[in-house]
Structures are given as C-alpha cells and as structure tokens.
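Below is one structure, written out as structure tokens, with a few remarks after it.
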Amino acid sequence: MIYLKVVDEAGNESVDSASLLVGAITPAIITSLPTQGMVPLNVQISTTAPANECTWLVDGMTFNGMSALSHIYNVSGNFDICLVTRNASGCIDSSCADIFVWDPLSQDTSFLVVPNVFTPNNDLQNDIFKTVSQNISEWDTKVYNRWGSLVYSAKTPDVQWDGLFNGKPCEDGVYVYFLKATGSDGKTYDISGTLTLFR
C-alpha cells in the first residue's frame, strides 16, 4: 500500500491510499561464448529467461521471442550484446555483455580471451575460471561477488580462479570481474563483465 497524507494551512488532514502490485523481474542474464576472438567470430548467445519474454539487441539488429541465438562478427571492433526481459506483469530487466573481435591481419601480437561461465564442481570439466592470453606483460584482475566483496585478485597472467574464497566454495551466482592488462606490443586491455558460477 502507498499512503499520501496532505495537511493544509489550517491543519486539516486528508489521507488517501492506493495498492501497488509489484511483480518479480525475470533476470536478464546473458551467456555468450566466446566473448573474444578473431574475425570471423561465431558467438553463441543464450539466457535462462523464457523466450517469449526476451528482446535481444545484437550488432544493430533486434531479435524477439528467442532464448538462444548465434551471431557471426565479420569485422573487428568492440560490440555490445544487450537483452531486455519483460514478464507477464510488465516488469522489465536489462543487461549488456561486451564482445571483443580483432583482425588476425593486424600488427597486434598480443591477445586476451575471457570466459563468462565456469562450473567448479570437480568433474574435471570447466572447473577453473581461466583466461587465455599471449604476450601480456602487465596484469591486474579483480573478481567481486554480488555484495561487492573482493573474492579473487591476481597480478599474474592468466587468471586461474577455482571458485574458492578463503578456502571455502563461493556460492552459485553472478560475479563481476575487472581486468586490466598491457601487451608487449603496447596494446592495453581494460575489460569488465559478469561471470556466472554454477556448481
């Protein structure tokens, strides 16, 4: 309930109320694999949201009614993948993910690839959140949980996080990473994004 109380100069009061129905949002969680690579780069994009609640914005195009799709990037550059979800109650959520595409014919000799999902459940498949890089000379990585607490940091290439914090397994969910690096060719990387941990 929302209440409104009005008092005039003479001290007279009036109170009114109204009901407000608030529905839970459908989280706009994006999974994109890979998040970086060379032209042509085929990216598989998906979400856990129901297809009929999804609107995607990918490379200047709009896609509706899909919970998964793929897109091939044929030119180099930095691109956004955005998802807007709208549930039956009209509640909206949105998020975006970065895609980095580079030209293999360029003079760059360094590269850096960051995954966005890992499953540290000791099945020997995708148990470690790890990056793939070449010719990186400087590195700074930080990973935070949903409450903003730092759960992982490193100054050495490549990231090798096992999903533990102070020796204890971190909860399933979405984490945020910030990665700054410099290649031996002078190329700088300032990358941030979300990382999903499933056990």
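The values are calculated or read from the model by the stated rules, or taken from the named source; none is laboratory data. Values in this document were obtained by computation on a predicted structure and should not be read as measured data. Please note: Cβ atoms are built from the backbone with ideal geometry, for glycine as well, and neighbour counts cover all protein chains shown.
Listing for the model above:
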| item | result |
| --- | --- |
| Any hit, segment 2-22, residues being in contact with a strand residue (DSSP E or B) (Cβ under 9 Å, 6 or more places away or on another chain) and under 27 Å from Pro115 (Cβ atoms) | no |
| Selected residue (criterion: surrounded by the most Cβ atoms within 10 Å (Cβ to Cβ)) from residues of segment 37-61 that are of a type in the set (Ser, Thr, Tyr) and modelled with pLDDT under 95 | Thr47 |
| Wholly within segment 137-199, strands (runs of 3 or more DSSP E) carrying at least 2 residues that are touching a strand residue (DSSP E or B) at 6+ places or on another chain (Cβ under 7 Å), among the basic types (Lys, Arg) and touching a residue at least 60 places away in the same chain (Cβ under 8 Å) | none |
| Residue selected from segment 17-36 under the condition hydrophobic (A, V, I, L, M, F, W, C) and loosely packed, with under 12 Cβ neighbours inside 10 Å, by the criterion modelled with the highest pLDDT | Ala24 |
| Selection from segment 155-199 of residues that are at pLDDT 90 or above, surrounded by 12 or more Cβ atoms within 10 Å (Cβ to Cβ), among the small types (Gly, Ala, Ser) and more than 15 Å from Val117 (Cα to Cα) | Ala181 |
| Asp98 vs. criteria at pLDDT below 95, surrounded by 14 or more Cβ atoms within 10 Å (Cβ to Cβ) and either outside the structural domain of Thr182 (by TED's automatic domain parsing) or among the hydroxyl-bearing types (Ser, Thr, Tyr) (or both) | yes |
